[in-house]
Amino acid sequence: MRTTTKMSITLPNEMASGVRERVALGDYASESEVIREGLRALAAKEAAIERWLQTEVVRACAESDAHPELSISADEVANTFTDFFARRRLAQSA
């Protein structure tokens, strides 16, 4: 039983050149190997984001729900950044 599927893909010229270059340099045995490695990296990145969402974000939301007095509003965050960058611009222009 075959465990692979043949596909035809279209890449922008610079990506296609990058794939060919990696094969030419000997980093990979074939163009397919380059694409497989890229897909594995994408899957790893997505898994890391999912772990972060499930651990850190869920934990932070639970803490915020348990102690709303420790939270600040989005407006407060925006104002803090606005003030910070305004002071920075003033300092740079002085």
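With V19, V58, V77 as the choices, which residue is surrounded by 10 or more Cβ atoms within 10 Å (Cβ to Cβ) and either aromatic (F, W, Y) or touching an Asp or Glu at 6+ places or on another chain (Cβ under 9 Å) (or both)?
Of the residues listed, the single one that is surrounded by 10 or more Cβ atoms within 10 Å (Cβ to Cβ) and either aromatic (F, W, Y) or touching an Asp or Glu at 6+ places or on another chain (Cβ under 9 Å) (or both) is V19.
Got a sec? Which helices (runs of 4 or more DSSP H) wholly within the range 7-94 have at least 1 residues that are modelled with pLDDT under 95 and not charged (D, E, K, R)?
58-66, 74-93
The values are calculated or read from the model by the stated rules, or taken from the named source; none is laboratory data. Predicted model, so just to flag it, every value in this text is computed and none were measured. As a convention, Cβ positions derive from the backbone with ideal geometry for all residues, glycine included, and neighbour counts pool all protein chains shown.
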